[in-house]
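*Asks:* Below you will find the structure I want to go over with you.
The values are calculated or read from the model by the stated rules, or taken from the named source; none is laboratory data. None of the values given here were measured: they were computed from a predicted structure. Glycine also receives a Cβ, built like all others from the backbone with ideal geometry; neighbour counts cover every protein chain displayed. For the accessible areas, the whole protein counts, side chains as well, though only heavy atoms, and no ligand, DNA or RNA atoms are used. Shrake-Rupley method; radii C 1.70, N 1.55, O 1.52, S 1.80 Å.
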Amino acid sequence: MSHILIAEDEDRIASFLEKGLRSHGFTITLAADAQQTLNLAESGSFDLLILDLGLPDRDGLEVLATLRGQGHSWPVIILSARDDLHDKVSGLECGADDYVTKPFRFEELLARVRVRLRPAPSSRSTGDSVLTVGDVQLDLGRRSVAVEGEWVELPGREFALVEALMRHPGQVLSRTQLLDQVWGYDYDPGSNVVDVYVGYLRKKLGADTIETVRGVGYRLKLQQLSAIG
């Protein structure tokens, strides 16, 4: 489950964002000023930052520059009432990954969050890595999977699903998270397509490879993940 830090001093907006993002399966931590944001970034592990520029104790661009200077590489989406082109360019040049102006539609912000949290596309060049979890190997270049040394070609969705699970061995991924990563944010959240495709993979990888965590989602039982190549 992705952990999002929200730096926003307006209580109404912060509460709105927290409730909306939590309802879509994200873990949320709120910061009301720049110093709290920096302290939390130093002590916590986050996957994405939503950053207001008009923080009461320091400009948000200074916060962003400090975080990048400290080596924090997780995505940053600026959410600000500043809609001038100069401000947008400055934010992106300081290291922001996206810029959303207030007022905003939650659906648009949610889509941008999901895009920024998607795994980076795998390289297709010679020498691509192979993900290994227990007896299962996933060749990112050949887009195929091997179980105990026997290689099987996978259709695109099945490949993307097993890749998402193998990149989080032992971690429970909700159906919503898997829908986001494999099918895209606009897919019907009430669909059982994840369950259907997990069934396909169990037939090819072994019935015990993917575990159902009732009421939560799915995870790989095998714990060890290594990258080779």
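*Asks:* What dipole magnitude, in Debye to the nearest 20, does the chain give about its Cα centre under +1 on Lys/Arg Cβ and -1 on Asp/Glu Cβ? Please report the intermediate quantities before stating the final value.
*Replies:* Details: 25 positive and 34 negative charges, 165 e Å.
With Lys and Arg at +1 and Asp and Glu at -1, about 800 debye.
*Asks:* Can you work out ³J(HN,Hα) from phi for every residue in region 64-73, in order, using Karplus 6.51 cos²θ - 1.76 cosθ + 1.60 and θ = phi - 60°, giving whole Hz and x for Gly and Pro?
*Replies:* Whole-Hz 3J(HN,Hα) from phi for region 64-73: 4, 4, 5, 4, 5, x, 7, x, 6, 9.
*Asks:* For region 133-182, would you read off the P(r) tail past 13 Å as a percentage of all alpha carbon pairs?
*Replies:* Values: 693 of 1225 pairs.
Summing the P(r) of region 133-182 above 13 Å gives 57 percent of all pairs.
*Asks:* Out of (1) 21.4, 76; (2) 21.8, 84; (3) 19.6, 59, which label holds the value of Rg and Dmax of the Cα atoms in Å that was computed here?
*Replies:* Given (1) 21.4, 76; (2) 21.8, 84; (3) 19.6, 59, the structure-derived one carries the label (3).
*Asks:* Could you go through region 171-178 in sequence order and give the Karplus-derived ³J(HN,Hα) for each residue, using 6.51 cos²θ - 1.76 cosθ + 1.60 with θ = phi - 60°, rounded to whole Hz, and x for Gly and Pro?
*Replies:* These are the phi-based 3J(HN,Hα) values: 8, 7, 10, 6, 4, 4, 4, 5 Hz.
*Asks:* With the contact rule set at Cα under 8 Å and sequence spacing of 6 or more, what percent relative contact order holds for region 21-73? Can you show the working numbers first?
*Replies:* On the way: 28 pairs, mean separation 17.6, N = 53.
Taking the mean separation of contacting Cα pairs over the length of region 21-73, I get 33 percent.
*Asks:* Using only DSSP helix segments of four residues or longer, with each worth -39500 (n - 2.57), what per-residue ellipticity at 222 nm results for the chain after dividing by its residue count and rounding to 500?
*Replies:* Theoretical 222 nm ellipticity from helices: -10500 deg cm²/dmol.
*Asks:* May I ask you to give the percent of accessible area on the chain that is carbon plus sulfur, with a probe radius of 1.4 Å?
*Replies:* Here carbon and sulfur together make up 48 percent of the probe-accessible area.
*Asks:* Taking the alpha-carbon centroid of each part, what is the distance from region 137-173 to region 53-125 in angstrom?
*Replies:* 31 Å
*Asks:* Give the ranking of K19, K88 by solvent-accessible surface, highest area first, calculated with a 1.4 Å probe. The partial results should precede the final answer.
*Replies:* On the way: K19 140, K88 70 Å².
From most exposed to least exposed: K19, K88.
*Asks:* Quickly rank 102-108, 164-170, 177-183 as a protection proxy: mean count of other C-beta atoms within 10 Å, highest first.
*Replies:* 177-183, 164-170, 102-108
*Asks:* Can you give me the relative contact order of the chain as a percent, contacts being Cα pairs under 8 Å and 6 or more apart?
*Replies:* Relative contact order comes out at 15 percent.
*Asks:* What accessible area per residue, rounded to a whole number of Å², is obtained for the chain using a probe radius of 1.4 Å?
*Replies:* For the chain, the solvent-accessible area averages 50 Å² per residue.
*Asks:* Could you order peptides 68-81, 207-220 by the average number of other Cβ atoms within 10 Å of their residues, highest first?
*Replies:* Working: 68-81: 16.6, 207-220: 14.3.
Result, highest mean Cβ count within 10 Å first: 68-81, 207-220.
*Asks:* Check which residues have an amide H placed less than 5 Å from I28's amide H, if you skip close sequence neighbours.
*Replies:* Amide H neighbours of I28, under 5 Å, 5+ apart: I4.
*Asks:* Viscosity 1.306 mPa s, temperature 10 °C: what is the translational diffusion coefficient of region 48-171 from Stokes-Einstein with a Kirkwood Rh over Cα pairs, rounded to a whole number of µm²/s? If you can, show how the numbers build up before the last one.
*Replies:* Working: Rh = 17.2 Å.
Once the numbers are plugged in, D ends up at 92 µm²/s.
*Asks:* Let me ask something else about it. For all pairs of alpha-carbon atoms in region 74-121, what percent lies in each bin of width 5 Å, listed from the first bin to the last filled one?
*Replies:* Computed distribution, short to long bins: 5, 21, 29, 24, 15, 5, 1.
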